[in-house]
Structure formats: structure tokens, C-alpha cells
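The values are calculated or read from the model by the stated rules, or taken from the named source; none is laboratory data. Predicted, not measured: the structure shown is a model, and the values here were computed from it. Cβ sites come from the backbone with ideal geometry, for glycine too, and all protein chains shown count toward neighbours.
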Amino acid sequence: MENTVLDTILARSSIRAYTGEPLTREQLAALKAAALASPTAMNRQDQRFVFITDSEIIDQIDKAVFAMLIKKEDKAMIERIWQRGGKTLYNAPLLVCIFAKPAHFAGVDAGIAVQDIALTAKSLGLDSCILGMPAMAFAPDNGYDLVSFLGVPDGMEFMIAIAVGHRAMDKAPHEVNEAHIIEVK
Ligand SMILES: Cc1cc2nc3c(=O)[nH]c(=O)nc-3n(C[C@H](O)[C@H](O)[C@H](O)COP(=O)(O)O)c2cc1C
């Protein structure tokens, strides 16, 4: 059976190195449309999608994550990141950070939106990596105050982020385990 949506889902994988090529205005518009079209519980729609294309700001967030890892003395994670080129956001030309008011299903809503962005990116010939680690840069009271710097309304918390760009590496999609499907007939 031919199905372009399923083909896109099956082709996506987490890419952790990007070329410097910026995204076009059309690509950015498509990714924003995907974010806004994502469903939310009770149709709350109270997420904020921060689209960051300023490389200095992306670098600032990257450095804040790294500084927090050093502060926490998370040696295993620091070593892992070091092996991946020393960047937590992988030099992507676009970082989308999703914020929401803490509420039942806020994390689920953000997860749906981030995958919609990932699949739209893939369908446009781009690649992505979903990122939980920027949470460290946006943690309250860590001294960075990056949430208000980005213009996110008070009371909203970081949910998830995604790096998007042109791939500078190859990586096969993860292996699947058919046993994780439980059929009830
Ligand atoms: C909620 C979530 C958070 C993630 N956070 C990170 C992250 O901070 N850094 C990273 O490099 N990858 C992160 N990933 C990517 C996963 O490591 C990746 O999806 C997983 O290894 C499967 O590989 P695949 O995406 O290539 O299929 C995250 C994925 C998800 C779903």
C-alpha cells in the first residue's frame, strides 16, 4: 500500500548534525502551520511555539544546557554530548521551543505538535531531532531567565523542543519491535 504519510513517518530519524544552510521562508511557514494545526486537549490551544533562527540565541541556549550539565556533574551525559560534537542543539539553523501552561495533557499536546513539526520537516526534505534537554536551560531559578527573554508569557513552562535543518549526517530510523503491538481481536 502506498502512503506518503506513513513513508514520511518511517523515514524520520533523529539527526544530530546539520549544515549551515538556513531554512527558506516557505519552509518556516509550513512548519508554523503544522505547529498551529496540531490538536490540543479540549481545544485549549494555549501553547507558544518559539521559532528561533538567530544562531547566537540558539548558541546561548546550547551553552546554558551545557553549563547546567557541568553544574550537575552529569559526566555520562557530558561525555555523550562530547562524542556528538559538543553541542546539545547540534548547530541546527532552526530551534522550535514549545511552552505551555502546566495543565493536564499539556505534555501530550506538546508531544503531538513536536511530532507534527518533525514529520512536516521530513516531508519538506529537512531533518530534525526532538530535544528534551533544553529543559535545563529554561528551568526556573537557574539564573539564565531565558523564558522571559524569548517573550514567553508568564506562567508557561518549557515542554519540548525540536532542532530542524539540512542533515550533515546519516542515521537509519530506530529498529522496531513488533512484540510491542498487542492485538485484541
Ligand atoms: C521526548 C523526547 C526527548 C528527546 N530528547 C532528546 C535530546 O535532548 N537530545 C537528543 O539528542 N535526542 C533526544 N531525543 C531523541 C531520541 O533519542 C530518539 O528519538 C530516539 O533515540 C529514537 O531514535 P530516532 O528518533 O532516530 O528514531 C528525544 C526524543 C524524544 C521523543
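Contact map, region 128-146: first residue closer than 19 Å to residue 81 by Cα, second residue modelled with pLDDT of 95 or more and more than 14 Å from the ligand (Cβ to nearest atom), Cβ cut-off under 6 Å, separation 6 or more or different chains; pairs are 137/146; 138/146; 138/147. Pairing each residue of region 89-109 that is closer than 14 Å to residue 138 by Cα with any residue that is of a type in the set (Phe, Trp, Tyr), provided the two are 6+ apart or on different chains, yields C-beta distances under 7 Å for 96/49; 96/51; 97/158; 98/49; 99/158. Looking only at residues of region 29-49 that are in contact with a strand residue (DSSP E or B) (Cβ under 7 Å, 6 or more places away or on another chain) and surrounded by fewer than 18 Cβ atoms within 10 Å (Cβ to Cβ), we find that the one that is modelled with the lowest pLDDT is 46. Annotation note: of 185, 171, 122, the sole residue that is within 26 Å of residue 36 (Cα to Cα) and of a type outside the set (A, V, I, L, M) is 122. For region 151-166, a tally of residues being more than 16 Å from the ligand (Cβ to nearest atom) and either more than 16 Å from the chain's Cα centre (by Cα) or buried (at least 20 other Cβ atoms within 10 Å of the Cβ) (or both) returns 6.
Whether a residue is within 14 Å of the chain's Cα centre (by Cα), among the β-branched types (Val, Ile, Thr), within 16 Å of the ligand (Cβ to nearest atom) and at pLDDT 95 or above was assessed, and residue 61 passes this test.
In region 75-89, how many are within 12 Å of the ligand (Cβ to nearest atom) and either out of contact with any helix residue (DSSP H, G or I) (no Cβ under 9 Å at 6 or more places or on another chain) or among the hydrophobic types (A, V, I, L, M, F, W, C) (or both)?
The number of residues fulfilling the criteria is 7.
Selection of region 118-131 for residues being touching a strand residue (DSSP E or B) at 6+ places or on another chain (Cβ under 8 Å), part of a helix (DSSP H, G or I) and more than 12 Å from the ligand (Cβ to nearest atom) yields only 121.
Do we find that residue 169 is within 14 Å of the ligand (Cβ to nearest atom), closer than 30 Å to residue 10 by Cβ, at pLDDT 95 or above and outside any strand (DSSP E or B) in this structure? Walk me through it before giving the result.
Values: within 14 Å of the ligand (Cβ to nearest atom): yes; closer than 30 Å to residue 10 by Cβ: yes; at pLDDT 95 or above: yes; outside any strand (DSSP E or B): yes.
Taking the combined requirement at face value, the residue satisfies it.
Candidates in region 172-185 are the residues that are of a type outside the set (Asp, Glu) and away from the ligand (no atom under 13 Å from the Cβ); of these, the one that is farthest from the chain's Cα centre (by Cα) is 185. For region 85-114, taking the residues that are among the charged types (D, E, K, R) and under 17 Å from the mean Cα position of the chain (by Cα), the one that is surrounded by the fewest Cβ atoms within 10 Å (Cβ to Cβ) is identified as 87. Only one of (1) outside any loop (DSSP other than H, G, I, E, B); (2) more than 13 Å from the ligand (Cβ to nearest atom); (3) under 18 Å from residue 64 (Cα atoms) is not met by residue 142, so which one is it? That leaves (1) as the condition not met.
Of all residues in region 10-52, those being within 18 Å of residue 170 (Cβ to Cβ) and within 16 Å of the ligand (Cβ to nearest atom) number 9.
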